[in-house]
Amino acid sequence: MKKVSTLIVGGGFGVYGHLTACQMIPDIQILGVVARNPSSYGRIPQDISRFPNLDEALRSHQPDLICFATDPLEQEKFLLSPSSWGCDLFLEKPLVAHSQNIPVIEQNLGRYKNVALDFEFFEFPGWKKLKDSMSGLSTGHLSIQWRFQSYSHRTQEKSWKLSPNLGGGGLNHFGSHMLYNLSVLLGPLQELKCEIADTATESVFRLNGSSQSGITFDFSLNCNDPSEKLYSVKFDSTQKKVLLHCPDVSRLDVTTWSEGSSCEWISPQFENSVDYRAFYVKSLLEKFLSHQPVPNLTDGLQVQKLIEKCRHSNLIKKSVLV
């Protein structure tokens, strides 16, 4: 069986996330890693080819698959070029840095080959159980709190991840996951109201609204909170009460909830030298390569539109219809 020739773009998570995931999949042949910053080369194993830019890599190879783990500007630039039509794509979120380019991508939907988005939360054991627990429910309230301090905020490094104009910031970088998750758990959203404080020193995002099915929700995100981490998801209805609660998004389990009860935590046993996210990237990639359902380009575009609805709501200080 022919292996899937794969090119990885990104010298950060592209190496310790995507490259590690690809190395664990026997059906993948790694062609090399594109890393613009030479300081990233030390992370790349010596037997892996390195390229300073994507154009040079594509002059040397014709990959079956390109995995992106780079800034949204570079990913957006590639999606707007005909070069993106020639192979399968595994993309990061947010899909693009500039919403005005969404129509161009939509016009070319028929030209792209197979595309997957790295919305990986439903590869986590706890989120899988949450999805199963909420299946078929049409009333109730879903509340999500996510509080931590991101690496970029903690180190105050100069990075696109702190700049909403470059596709970073709490809403783009982390909130996009939750906007996708809300759509999966609740179905199409109907109305939302959003408050955003997204700067180099403050990264707070608050959202509330309702789904077309009638379930209401609220979500709060703080990406620059140096206090104890918090990750809590609670669903409360007359039909069922469900709670996820623990300080680490990777270690979640679902339990039936009642006031004062405790929750069991799942702590996956990963190799200490491997970033746990690589295992979830691997899970998504394996499904993608075997043509199982995964988050796709249409999902990425829908999340991008929800991001713009959030920004508009924040601007006018009112609820907006989705």
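The set of residues from region 51-71 being under 20 Å from ALA116 (Cβ atoms) and in a strand (DSSP E or B) comprises LEU65, ILE66, CYS67, PHE68.
Looking at the structure I just gave you, is LEU130 part of a loop (DSSP other than H, G, I, E, B) and either within 30 Å of GLY214 (Cα to Cα) or assigned by TED's automatic domain parsing to the domain that holds THR216 (or both)? In short, no. Does region 87-108 include one or more residues that are touching a helix residue (DSSP H, G or I) at 6+ places or on another chain (Cβ under 7 Å), basic (Lys, Arg) and not assigned by TED's automatic domain parsing to the domain that holds LYS229? Yes - at least one qualifying residue is present in region 87-108.
When the test is whether a residue is over 20 Å from PRO295 (Cβ atoms) and modelled with pLDDT under 90, GLN156 passes it.
Scanning region 1-24 for residues that are in a loop (DSSP other than H, G, I, E, B), over 21 Å from TYR41 (Cβ atoms) and out of contact with any helix residue (DSSP H, G or I) (no Cβ under 6 Å at 6 or more places or on another chain) gives MET1, LYS2, LYS3.
Looking for something within 21 Å of GLY10 (Cα to Cα), in contact (Cβ under 8 Å) with a residue 24 or more places away in the chain and assigned to a helix (DSSP H, G or I) - is there at least one such residue anywhere in region 84-92? Checked against the condition, which is being within 21 Å of GLY10 (Cα to Cα), in contact (Cβ under 8 Å) with a residue 24 or more places away in the chain and assigned to a helix (DSSP H, G or I), region 84-92 yields at least one hit. Restricting attention to region 104-156, the residues being surrounded by 15 or more Cβ atoms within 10 Å (Cβ to Cβ) and basic (Lys, Arg) number 3.
When restricted to residues that are in contact (Cβ under 8 Å) with a residue 12 or more places away in the chain and either loosely packed, with under 13 Cβ neighbours inside 10 Å or more than 17 Å from ALA97 (Cβ to Cβ) (or both), region 292-301 contains 5.
The values are calculated or read from the model by the stated rules, or taken from the named source; none is laboratory data. Nothing here was measured: the structure is a model prediction, and the numbers come from that model. All Cβ positions, even for glycine, are placed from backbone atoms using ideal geometry, and neighbour counts span all protein chains on display.
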